[in-house]
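Notes for the one structure printed next.
The values are calculated or read from the model by the stated rules, or taken from the named source; none is laboratory data. Just so it is clear, the structure is predicted and the values come from calculations on it, not from any experiment. We place every Cβ from the backbone using ideal geometry, glycine too, and count neighbours over all the protein chains shown.
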Amino acid sequence: MSNITVAIPKGRLGEQSIELFKSIGVGKKINTKSRKLIFKDEKNNIIFILLKNSDVITYVENGVADIGIAGRDMIMEKEADIYQLHNLNLGKCKMSIAGIKGQEVFKKDMILRVATKFPKISKNYFGKKGQKIKLIKLNGSIELAPLVGLSDVIVDLVETGNTLKANGLEILEDMYKINAQIISNKISYKFKRKRIKEIIGKIKEIEEEKYD
Amino acid sequence: MKFLRIQDEIEFSEKRYKLKRDIENLLLSKDYKNIEPSIFEDYEEFISVNKRVEKNTTVKVLNGNGKISILRPDVTTNLIRNFASKWEENLKLKLFYYSKIFKNSKLGTKEVRQMGIEYLGEKEIKADVEVINLALTVLSKYRENYILEMGSSDFLNGLLREFYFSEDEYKKIIELIYRKNSDDLKIYVSQFGRIEAAETLKNILEVQGSYKEVKSIIKNMYLNKQMKKGIEELGIINNYLEKTGLADWIQYDLSMIAEFGYYAGVIFKGYFSDSNREIIKGGRYDSLTQEFGDRIPAIGFSIELDELLKVLYRKGEI
């Protein structure tokens, strides 16, 4: 039986996904405290690789990982040619537009300056609304941008809203609901469909138990 | 680190030539005749026939008379336009070509080498079986572990016709199906009513496997003649292919979506387990011929020669 390679993001979503895999009886040996990046579950013929969040999709799209766990935000941003096989109840948050609280930023005739980690999503979203924007691509601390005058608004993930609040920002508009998904390489899915479906089937069972 | 030398480049080119000759010989032995399609397409015409093609991926050229042409993004449209307008009854043509197609990507304009065949004028099932058999022969020539995936655009289009989608809704549905995003599809489809059709559409991503498996899932879930025709055709083709012993390598997927909108009838794609791209893609496209003249039975496929070469070269098989 050939191996299935599973790409897991590091960080909290990764921890939760590993827990999920362990609950269906695979990947028992994964230990995120160690510095190892590859864990083999020889009994079940599954290899787990731990990656930076944004690289999961790249690995899956290129077929070095068969399936992976990725946030919908990244999937939308990368526009990767992959299958989105299952919605997980993990990594839930929303993507929103936020600006300085109480400040009028929406001057329709002006070019709106948007700071974000998600330039493609932002471009498409504002494009559909007919709003001209200037994109400012940042890699972190997005909330800072409007405060120091780098941008008018930000497009970012919002979970509790606490970070926004702490920085005097407020949500102007919610764009998308975000959650994690099980993604698959397209060709892997053709050759290993039964096994991939079996794994997802078991995960669904666990999810239903939790739900009940 | 060693970089590419002139010597290597020429060796590689030689290998590509050899591979091309190999396949050409196979096609010649099956009575296919070589043709050379034109490199230019009329932009407006191409877009109106091929609605699913992303407009910005086409490579545009400004003509002397101010009209926009594109460098052919696919060979079939080009070829059919040429033949359909002057078709003679009872003509049967088996053609093959070796040529480049052009597309724009993030990294610039790409040239992709394609070899392909078209079988025009022969009755549907007979040509379907012969062409699919040929695709299987090409795939099995180079790999033991391959898959030919087959679907029916009649079945899927027939199902989608049960709804009254706006263009945006239709695009969204196709995208969800294409990405096998069944959870989102189920939620999205629910808003359109049409309970019976919606149930089938929600489960379309489950309809995969051998013909037997697919048939047992579908049972008699036809909502109209077009869907019935689609699945029955696959059944007849499968019967023939079983006799050749190659049917084991075929997987059916009734949610399969073709890149070009002109396919109507059986569609198929061929994969190797050690390649991350399609090696073969094709299908029946009688409706395309109608755009340019009479309706002619037409089926064909193309082989991604660059990808095939890469896979074989990587393992030192060529």
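Brief remarks on what is shown
- In summary, B:Met150 fulfils each of the numbered conditions (1) under 17 Å from the mean Cα position of the chain (by Cα); (2) assigned to a helix (DSSP H, G or I) with the single exception of condition (2).
- The number of residues in segment B:165-210 being aromatic (Phe, Trp, Tyr), in contact (Cβ under 8 Å) with a residue 12 or more places away in the chain and away from chain A (no Cβ under 14 Å) comes to 2.
- Residue match in segment A:82-94 (condition: within 14 Å of chain B (Cβ to nearest Cβ) and assigned to a helix (DSSP H, G or I)): no
- In segment A:1-28, the residues that are in contact (Cβ under 8 Å) with a residue 40 or more places away in the chain form Cβ pairs under 8 Å with partners that are assigned to a strand (DSSP E or B) and among the charged types (D, E, K, R), at six or more places apart or across chains, as follows: A:Val26/A:Asp41.
- Test: residue in segment B:23-33 that is at pLDDT 95 or above, out of contact with any strand residue (DSSP E or B) (no Cβ under 7 Å at 6 or more places or on another chain) and among the aliphatic types (A, V, I, L, M): yes
- Only one of the listed residues (B:Ile296, B:Ile218) is of a type in the set (Val, Ile, Thr), out of contact with any strand residue (DSSP E or B) (no Cβ under 8 Å at 6 or more places or on another chain) and modelled with pLDDT under 95. That residue is B:Ile218.
- Of all residues making up segment B:11-33, the number that are in a helix (DSSP H, G or I) and closer than 17 Å to B:Asn133 by Cα: 7
- Being among the small types (Gly, Ala, Ser) and within 20 Å of A:Asp156 (Cβ to Cβ) is a description that applies to A:Ser96.
- Residues that are at negative phi, within 14 Å of chain B (Cβ to nearest Cβ) and in contact with a helix residue (DSSP H, G or I) (Cβ under 7 Å, 6 or more places away or on another chain), drawn from segment A:43-67: A:Ile57, A:Ala65, A:Asp66, A:Ile67
- Residue match in segment B:130-137 (condition: at pLDDT 95 or above, closer than 23 Å to B:Arg277 by Cα and within 14 Å of chain A (Cβ to nearest Cβ)): no
- Where strands (runs of 3 or more DSSP E) fall entirely within segment B:48-129, those with at least 2 residues that are under 21 Å from the mean Cα position of the chain (by Cα) and buried (at least 19 other Cβ atoms within 10 Å of the Cβ) are at B:93-105, B:108-120.
- Test: A:Val26 is farther than 18 Å from B:Ser182 by Cα and within 14 Å of another protein chain (Cβ to nearest Cβ): no
- Within segment B:264-300, the only residue that satisfies the criterion of being of a type in the set (Gly, Ala, Ser), within 12 Å of chain A (Cβ to nearest Cβ) and under 14 Å from the mean Cα position of the chain (by Cα) is B:Gly270.
- Of all residues in segment A:153-188, those that are surrounded by fewer than 19 Cβ atoms within 10 Å (Cβ to Cβ) and either among the charged types (D, E, K, R) or part of a helix (DSSP H, G or I) (or both) total 9.
- Any hit, segment A:62-81, residues being assigned to a loop (DSSP other than H, G, I, E, B) and among the polar types (S, T, N, Q): yes
- Meets criteria (over 17 Å from B:Ile132 (Cβ atoms), within 14 Å of another protein chain (Cβ to nearest Cβ) and either over 20 Å from the mean Cα position of the chain (by Cα) or of a type in the set (Ser, Thr, Tyr) (or both)) for B:Ile217: yes
- Segment A:182-208 residues that are in contact (Cβ under 8 Å) with a residue 12 or more places away in the chain and more than 10 Å from every other protein chain (Cβ to nearest Cβ), paired with ones that are crowded, with 19+ Cβ neighbours inside 10 Å and among the acidic types (Asp, Glu) (beta carbon under 9 Å, 6 or more apart): A:Arg195/A:Asp66; A:Ile196/A:Asp66
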